[in-house]
Amino acid sequence: MKTKFLTLITLATLSIATTSATFANTKTNNTVTVLENVKPITSIEAHGNVEIYVTNGNKDGVKVFDSYYNQNAMVQNENGVLRVASYKTDKVVIEVTVTDLRSISASDNAVIKSFGRFSSVDLDVVLNDNAAAQINVDAFTAKFTVNNRAKADISGAIEDYQLNYSRSATVNRTYLAATNRVENITTPPSAPKKTADTANLASL
């Protein structure tokens, strides 16, 4: 199954926005800013009110909408990790092309979407808070952790699939085909009950 993984997907132009980063150069063409000198991206971390579209390609790349320095957002590419954060009211939308993505984490109200069918050999996805993900993936192994009130829509074909999710989370895997499947409901630890001794100590 590993031979199926790196398929090229044509990505339509998206409306995107953001500001400060650690890229050396940018090329602005009307409303799309292409960030240059992007190092290989193996991990994506999304925070705040951002929407990230992920697709396979033969070269890692990042595109943003509008003039790169006009929006109050952060995009950073360092040591294989692409960090995207924005706390504006309007969503900042990012298009990310990857050759070997291994992990995705999203928190706050961040949204992660695959554009078309995404391919990965080994993928680890973690969603926290109110984050959401729509992932259509072909993968040899894939692990999804969905915490708090996060939402995950998982589809595609996975050889070894694992899901850990909170009772308060929402997970849809109706259109997922998995050869080996493991799913666990995680319950956050409850606060320890007060005994007579601890109650007395608390009152001192």
Seminar exercise, completed: Among (1) hydrophobic (A, V, I, L, M, F, W, C); (2) buried (at least 19 other Cβ atoms within 10 Å of the Cβ); (3) out of contact with any Gly (no Cβ under 8 Å at 6 or more places or on another chain), ALA110 falls short only on (3)
Problem set entry | Candidate set from segment 103-118 (those that are part of a loop (DSSP other than H, G, I, E, B) and under 14 Å from the mean Cα position of the chain (by Cα)); member that is nearest to ASN136 (Cα to Cα) | PHE115
For this session: Go through (1) assigned to a strand (DSSP E or B); (2) in contact with a Pro (Cβ under 9 Å, 6 or more places away or on another chain); (3) acidic (Asp, Glu) one by one and return the number of the condition ASP100 breaks.
Result: (1)
For this session: Would you confirm whether any residue within segment 174-193 is touching a Ser or Thr at 6+ places or on another chain (Cβ under 7 Å) and at pLDDT 95 or above?
Result: yes
Exercise. Filter segment 129-138 for residues that are within 18 Å of PHE115 (Cα to Cα), touching a Ser or Thr at 6+ places or on another chain (Cβ under 8 Å) and not β-branched (Val, Ile, Thr); which is surrounded by the most Cβ atoms within 10 Å (Cβ to Cβ)?
Worked result: ALA131
Problem set entry | Criterion: in contact (Cβ under 8 Å) with a residue 40 or more places away in the chain, surrounded by fewer than 19 Cβ atoms within 10 Å (Cβ to Cβ) and in a strand (DSSP E or B) - qualifying residue of VAL84, VAL121 | VAL121
Seminar exercise, completed: Condition set hydrophobic (A, V, I, L, M, F, W, C) and either over 20 Å from ASP108 (Cα atoms) or surrounded by fewer than 20 Cβ atoms within 10 Å (Cβ to Cβ) (or both), scope segment 34-72, selection modelled with the lowest pLDDT: answer is PHE65
Exercise. Which residues, counting only those in segment 139-155, are on the phi < 0 side of the Ramachandran plot and surrounded by fewer than 22 Cβ atoms within 10 Å (Cβ to Cβ)?
Worked result: PHE140, THR141, LYS143, THR145, ASN147, ARG149, LYS151, ASP153, SER155
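The values are calculated or read from the model by the stated rules, or taken from the named source; none is laboratory data. Model, not experiment: these values are computed from the prediction. Positions of Cβ are generated from backbone atoms using ideal geometry, with glycine treated the same way; all protein chains shown enter the neighbour counts.
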